[in-house]
Amino acid sequence: MGPEKMKEIITDVLKDVDVVIGYKQGFDKLHATPCFINKAEQIEEIIWSPVCVQNLASFLPSLKAKKVGVVVKGCDSRTIVQYMQEGLIDRSKVVVVGIPCTGVVSVKKVLDKVNHQPIEDVVFEADGAILVKTPAGETKLSLADVSPDKCSTCLYPTPVVYDHLAAEPIKSVKAPEDVYKDVEEFEGKSLEERKVYWEKEFDRCIRCYACRNACPMCVCQDSCIAESRDPHWISQKSNLSEKFMFHMIHSIHLAGRCVECGECERVCPMGIPVNALKKKLNHDMKALYNYEPGVNPEDKPPMYTFSVEEKKIEEHKL
Amino acid sequence: MRVGVFICHCGSNIAGTIDVAKVAAEMRKVPGVAFATNYMYTCSEPGQDEIKEAIKREKLNRIVVAACSPRMHELTFRRTIEKAGLNRYFLEMANIREHISWIGLDKEANTNKAIESVKMAVAKAMNNKPLYSQSFKVNKRVLVIGGGVAGMQAALDCADGGLEVILVEKSPSVGGMMARLDKTFPTIDCSICILGPKMVDVAQHDKIKLYAYSEVDDIKGYVGNYQIKIKKKATYVDWVKCTGCGACMEKCPAKNSYDHFNFGVAPTRAINIPFPQAIPKKAKIDPNYCRQFVKGKCGVCAKICPTGAINYEMQDEIITEDVGAIIVASGYGLVDMDKFPEYGAGRYPDVITGIQYERLLNASGPTEGHILRPSDKTEPKTVVFVSCAGSRDKSCGIPYCSNFCCMYIAKQAILTKDHIPDSQSYVFYMDIRSPGKGYDEFTRRAQEDYGAKYVRGRVSRIYPKGKKMVVVGADTLLGTQVEVEADLVVLATAVTAAPGAPQLAEKLHISYDTFGFYVEGHPKLRPVETNTAGVYLAGCAQGPKDIPASVGQGSAAASKVQALFSKDMLESDPAVAKVNENTCVGCLKCIMTCPFGAVKEKELRGGRIVANVIETVCAGCGVCTATCPCGAIQLSHFTDNQLLAEVNTICQK
């Protein structure tokens, strides 16, 4: 799957939108970076390969006033559906260029494999192998070994919503029951074990808010309750309880909204598995409301409805 | 900040299990508390005076009263501090009675809990902001839900006082349960003879607008300004044209329709007028039985109707009415006979309920007042009454007494003797409850003058034997088993909440108990009010009660509405949601969750979209504040920071 067809589509799309958001190469071959295209000559910069990890749909709410074309992978496309459910974008002003995706790389995992040497070149071979050249030599990796965890249980390799598709659609071969296997496994541990685990993880948090800033569903951004004094839910102290509280707020604000794009975890400079908390809440929301975020534009997020009687929550019997 | 703390003894209610002097002493150590004391009855006049004096003397600017539930006296103390010149929202109450002293005996633990509770209230009070009410106009119209005797009395009293009344009745006629009764205890006067004139008054009063066969579909608004949606259910008969001649009913070929008015004691026609005195006296089609609806052809009534009133295409209609207050008199239901497998669970035709027997006794009933067994239409000579069929029975989920069964059984036993002089009645009872004026004399008359045999004990089983029903029970006074071969058995089935009562309560935002009966504002002192301003209760919707009590409550509720409407303007509660436009990100999720439709979109200069709360529509429930991810929408008097101050206090070591 080369970027040629995608470039053709974008050339077309660019004629009636203000900007197209795609990927271009970053500072080395292992890093891609978002690019905003509004002139035809920029189209040549566009790339598509497993290093295109960012969720470009995240930019859409801030560009609500403009007509925007956006390149999305399967996982990213759920963001668009969730935005539609929550009324955060005007679908008629968004042109979605979908890419069926067979998996991306985790930059962190690749760097770990090559001992954080400077990257000279990255070549993706037809059989799925990756050749990484560094001053120390050449390393051959398999994509499956260096993909982020989300790829191993991906149910939506083909975007769930699109206007143009850059390649033939791919069907998922993954089992839906495996998606939350890690959550269920973790829940098997004792309360004490889980507490110790999270205390250790959150202790590393530096409250840089990268997870929040990268999150496509964190709509508040600069008005975030984590930095507000009125209401003053948490202070700026850098202690464990305040860090814990921040992550609890982030997770609960995403209950039944997280599209599991994994951006929070990808951008965390401290390698904290923050996505697990959101997955846990999604798992619960699925059990309580049979709701999966970002799949069907007609759905209503259960936390954004009000009904006196909730079917599965027995507060009082009528 | 100078906080004054007043700890109430409430006689021994609080001081008995809490060391109030110690609580006051501890409060003096709390930063910000300028004055703390304990007093025997803070709500008494000298108690309130002490607060007023302390405010002046100690220059207090926040007041904490640790006493009973704020439901009881919050308003009292708000007025007190207002008289002393403080904003009424500078008062905070700590409920150390219902929440602490009444529920634990360990004085030390109670005292510690009280200290924490009062500290929390102090923290909240220090964060309280002055709030000011707005006044708004009252719509002096009243909605009465339910056209039984309680609802009719309320409607008539309101209308006679000059108020416009909207009366909504879900069945095709007003009258309710009382219209079905034959005679009433303890005077044995004819029920419909005393109710009929009231029904006519309701129909003819120019201040009363009656919606029969209608239900309250939706209620929006607040005290003084409610918008009511009323669903007029399709009757398939144009009531403007219908004269109530009854020709359709005579000719209707669907003769096996269930008779809701007669509780199924005999069938009726698919098109019917429920009873001769019905108000309005109009026909209605039951589409579950009508051949035109079931089979798609018939049309007999349409042909026979002299005014052409039949309309098979009729649809439900929604009507909107604006009112300022609501009286709920939605009545009661009866427990299903299916609950009693030991009594045949409704399988034996000659085991019937008290209300069905009432219809057999009634001259306008299906037997024209002759007592005839449903099975073979013969006159029963032995009639057994079983009281407490479901009532006072935890296994049925009905631990309460149904209030009036003892009395109506005695009445029915007397009437049975009147109708069939050679009959014998037996009454199985647990206790005879007859605490009304002339009531006990009445039950004695049933036994002494009319020879009803009262057996103290419960019935374990009823089974058929030939044409008879054998009633097996205990006689606990003799300590033996008894068996009576009866021709007819009458079960005094328990009173339950009306079907759909909880759903109506949710629409009205009033509380209901586990049985579905509506909860009054105070069991003694606010018997017809609810905790929702502008909504009042009357009759059995609040709990089982007899006719005099229901009528009394109807009048009482009407007088409450008159008092409410004596003012032209009401004060709004300022404890409503407020949007901080600087931090609102305009995601508008609050609009999606607001149960009252009180949040709307607003465009600021420069085009930025934010949420905006319509103060008078907001009920202050706080759903929006829980939804808002950035805390930009806050419930005044219950802001995040006010609650966090309390949480932080209790979490401090």
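The values are calculated or read from the model by the stated rules, or taken from the named source; none is laboratory data. Just so it is clear, the structure is predicted and the values come from calculations on it, not from any experiment. Note that each Cβ is placed from the backbone with ideal geometry, even for glycine, and that neighbours are counted across all protein chains shown.
Numbers for the structure displayed
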| quantity | calculated |
| --- | --- |
| Filter pass, B:Arg79 being surrounded by fewer than 19 Cβ atoms within 10 Å (Cβ to Cβ) and more than 28 Å from B:Tyr132 (Cβ to Cβ) | no |
| Boolean, A:Arg257 is within 13 Å of chain B (Cβ to nearest Cβ), out of contact with any helix residue (DSSP H, G or I) (no Cβ under 6 Å at 6 or more places or on another chain), in contact (Cβ under 8 Å) with a residue 12 or more places away in the chain and surrounded by 13 or more Cβ atoms within 10 Å (Cβ to Cβ) | yes |
| Filter result for the condition that a residue is in contact with a helix residue (DSSP H, G or I) (Cβ under 7 Å, 6 or more places away or on another chain) and within 26 Å of B:Gly175 (Cα to Cα), over B:Gln277, B:Gln315 | B:Gln277 |
| Number of the exception - B:Asp449 against (1) free of Cβ contacts under 8 Å to residues at least 60 places away in the same chain; (2) within 30 Å of B:Gly543 (Cβ to Cβ) | (2) |
| Only listed residue being crowded, with 21+ Cβ neighbours inside 10 Å and touching a residue at least 12 places away in the same chain (Cβ under 8 Å), chosen from B:Glu98, B:Glu116, B:Glu92 | B:Glu92 |
| Odd one out for B:Cys587, checked against (1) modelled with pLDDT under 90; (2) touching a helix residue (DSSP H, G or I) at 6+ places or on another chain (Cβ under 7 Å); (3) under 22 Å from A:Met248 (Cα atoms) | (2) |
| Segment B:384-430, residues that are of a type in the set (S, T, N, Q) and over 21 Å from B:Thr184 (Cβ atoms) | B:Ser395, B:Ser423, B:Gln424 |
| When residues of segment B:600-626 are limited to those that are within 12 Å of chain A (Cβ to nearest Cβ) and under 31 Å from the mean Cα position of the chain (by Cα), the one surrounded by the fewest Cβ atoms within 10 Å (Cβ to Cβ) | B:Ala626 |
| Residue match in segment A:54-64 (condition: within 14 Å of chain B (Cβ to nearest Cβ) and not in a loop (DSSP other than H, G, I, E, B)) | yes |
| Residue tally, condition at the interface with chain B (Cβ under 7 Å from one of its Cβ atoms) and within 20 Å of A:Arg78 (Cβ to Cβ), over segment A:212-235 | 1 |
| Residue match in segment B:629-642 (condition: buried (at least 17 other Cβ atoms within 10 Å of the Cβ), free of Cβ contacts under 8 Å to residues at least 40 places away in the same chain and within 9 Å of another protein chain (Cβ to nearest Cβ)) | yes |
| Segment A:203-226: number of residues that are farther than 13 Å from A:Phe244 by Cβ and outside any loop (DSSP other than H, G, I, E, B) | 9 |
| Failed criterion for B:Val585 (all others in (1) within 14 Å of chain A (Cβ to nearest Cβ); (2) closer than 29 Å to A:Arg212 by Cβ; (3) surrounded by 18 or more Cβ atoms within 10 Å (Cβ to Cβ); (4) in contact with a strand residue (DSSP E or B) (Cβ under 7 Å, 6 or more places away or on another chain) hold) | (4) |
| Hits in segment A:236-251 - residues which are within 14 Å of another protein chain (Cβ to nearest Cβ), of a type in the set (Ser, Thr, Tyr) and surrounded by fewer than 17 Cβ atoms within 10 Å (Cβ to Cβ) | A:Ser241 |
| Those strands (runs of 3 or more DSSP E) lying entirely in segment B:466-526 with at least 2 residues within 14 Å of another protein chain (Cβ to nearest Cβ), surrounded by fewer than 14 Cβ atoms within 10 Å (Cβ to Cβ) and at pLDDT 95 or above | none |
| Hits in segment B:275-297 - residues which are on the phi < 0 side of the Ramachandran plot and more than 39 Å from the chain's Cα centre (by Cα) | B:Lys295, B:Lys297 |
| Selected residue [hydroxyl-bearing (Ser, Thr, Tyr), assigned to a loop (DSSP other than H, G, I, E, B) and over 37 Å from the mean Cα position of the chain (by Cα)] from B:Thr307, B:Thr243 | B:Thr307 |
| Subset of segment B:24-34 (residues that are more than 44 Å from the chain's Cα centre (by Cα) and part of a strand (DSSP E or B)) | B:Ala34 |
| Hey, A:Val95 without any contact (Cβ under 8 Å) to a residue 60 or more places away in the chain, surrounded by 18 or more Cβ atoms within 10 Å (Cβ to Cβ) and among the aliphatic types (A, V, I, L, M) or not | no |
| Looking only at segment A:282-313, and only at residues there that are within 14 Å of chain B (Cβ to nearest Cβ) and outside any loop (DSSP other than H, G, I, E, B), the one that is surrounded by the fewest Cβ atoms within 10 Å (Cβ to Cβ) | A:Pro302 |
| Residues satisfying the stated conditions in segment A:72-92, i.e. more than 30 Å from A:Ser142 (Cα to Cα) and either in contact (Cβ under 8 Å) with a residue 24 or more places away in the chain or acidic (Asp, Glu) (or both) | A:Ile80, A:Val81, A:Gln82, A:Tyr83, A:Met84, A:Gln85, A:Glu86, A:Leu88, A:Ile89, A:Asp90, A:Arg91 |
| Residue within segment B:12-22 that is surrounded by 20 or more Cβ atoms within 10 Å (Cβ to Cβ), assigned to a helix (DSSP H, G or I) and not acidic (Asp, Glu) present | yes |
| Residue in segment B:298-306 that is surrounded by 13 or more Cβ atoms within 10 Å (Cβ to Cβ), out of contact with any helix residue (DSSP H, G or I) (no Cβ under 9 Å at 6 or more places or on another chain) and not assigned by TED's automatic domain parsing to the domain that holds B:Leu537 present | no |
| Meets criteria (closer than 30 Å to B:Cys388 by Cβ, in a loop (DSSP other than H, G, I, E, B) and without any contact (Cβ under 8 Å) to a residue 60 or more places away in the chain) for B:Gly296 | no |
| Among (1) touching a residue at least 12 places away in the same chain (Cβ under 8 Å); (2) among the acidic types (Asp, Glu); (3) assigned to a loop (DSSP other than H, G, I, E, B) - the single one A:Asp230 does not satisfy | (1) |
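The rows are residues; the columns are (1) more than 14 Å from every other protein chain (Cβ to nearest Cβ); (2) surrounded by fewer than 18 Cβ atoms within 10 Å (Cβ to Cβ).
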position	(1), (2)
B:Val561	yes, no
B:Glu571	yes, yes
B:Ala575	yes, yes
B:Glu581	no, yes
B:Ile591	no, no
B:Cys594	no, no
B:Ala598	no, no
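Table: residues versus (1) more than 21 Å from the chain's Cα centre (by Cα); (2) modelled with pLDDT of 95 or more; (3) closer than 23 Å to A:Asn239 by Cα; (4) crowded, with 17+ Cβ neighbours inside 10 Å.
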{"position": "A:Val161", "(1), (2), (3), (4)": "no, yes, no, yes"}
{"position": "A:Lys171", "(1), (2), (3), (4)": "no, no, no, no"}
{"position": "A:Ser190", "(1), (2), (3), (4)": "yes, yes, no, no"}
{"position": "A:Glu193", "(1), (2), (3), (4)": "yes, yes, yes, no"}
{"position": "A:Cys220", "(1), (2), (3), (4)": "no, no, no, yes"}
